[in-house]
1. Using label points projected 7 Å from each Cα along Cα→Cβ, tell me how many nm separate Arg178 and Val139, to one decimal.
2. Assuming R0 = 30 Å, can you tell me the calculated FRET efficiency for the pair Asp125 and Leu73, based on Cβ-Cβ distance, to the nearest 0.05?
3. If each residue of separation counts as 0.36 nm, what is the full-extension length gain between Leu95 and Ser34 once their alpha-carbon separation is subtracted?
4. Which ³J(HN,Hα) values in Hz, rounded to whole numbers, follow from the phi angles of region 139-155 under the Karplus curve 6.51 cos²θ - 1.76 cosθ + 1.60, where θ = phi - 60° and Gly and Pro get x?
5. Measuring from centroid to centroid over Cα atoms, what is the spacing of region 122-163 and region 60-80 in Å?
6. Modelled label-to-label distance, Leu227 and Arg48, 7 Å Cα→beta-carbon offset: nm?
7. Pairs of alpha-carbon atoms within less than 8 angstrom and 6+ residues apart define the contacts here; what relative contact order does region 15-232 have, in percent?
8. Quick one: Karplus J couplings for region 95-102, per residue in order, coefficients 6.51, -1.76, 1.60, θ = phi - 60°, nearest Hz, x for Gly and Pro?
Amino acid sequence: MTDATENPSSGTEMTVTPWRAVVRARWAEIVFISGLSVYAVMAVLAHRYAYFDWDVAFATRIQSVNLPGFSTLMIWVSLLGSGWVPPALVGGASLTMILGRFRLEGTVCMIGVGLGAGLNRLLKDIIGRPRPIDTLVNVMIPYNHESFPSGHVVFFVEYFGFLFFLAYVLLRRGRLRRGSFILLGLLIVLVGVSRVYMGAHWPSDVIGAYLAGGIWLMLMIEIYRRLKARQTNP
């Protein structure tokens, strides 16, 4: 049994040829590496301090936003990264891809995001940065575990970022591809804002999480690219 992307006559008209998929994967690596370099310097400095002055100022500005529906949106976005929801999302999407003959994509998603979550938990324990306190910002939900990097943001970057990558690599140009870019991109951006808005993390926690999640996402993409190349050129 072969992947749908390996058999143009399988009826999966949304996908591109394996050769084009490999080319897009290489370009995606360049884009992610370039973006992550912006976060690197600030992330290295951030883990040395409980918070920065600009953390407080920036968090206060975000929490002062009072647009209609904004608070509800922030809460719902955060819920996608809380409790049982992340395992359900990853498991559901991965199994759907595997059963839909995208076995490699589903396997990399499930294993990659799962291992990424474990690594993030280890990093949080090692760094041991305290959470924001209610004497400095409005803490909507108190948390007892460590703050840096934000687990929600790491999950969104790894999971929704990998889906974004797959949409870029596999889908033909059209409404589905554009819609996937918009939805997944907005989720990745908004989760960082939501964690600061809810007082769960400092802005520097969020930046560090984009860096950590992005580095792991690059590793997932590189593994996928190499395995895909082997399938294309056995």
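1. 4.5
2. 0.45
3. Numbers: separation 61, 0.36 × 61 = 21.96 nm, distance 3.15 nm.
My answer for the length gained is 18.8 nm.
4. Result, rounded to whole Hz: 9, 6, 9, x, 10, 9, 8, 5, 9, 10, x, 5, x, 4, 5, 4, 4.
5. Cα centroid to Cα centroid, the span is 17 Å.
6. Computed distance between label sites Leu227 and Arg48 equals 3.9 nm.
7. Working: 278 pairs, mean separation 78.2, N = 218.
The value is 36 percent.
8. So the Karplus estimates, Gly and Pro as x, are 5, 4, 5, 5, 5, x, 6, 9 Hz.
All of the numbers you see were taken from the coordinates with simple rules; none came from a lab. What you see is a predicted model; the values in this text were computed from it and never measured. Note that we place each Cβ from the backbone using ideal geometry, even for glycine, and neighbour counts take in every protein chain shown.
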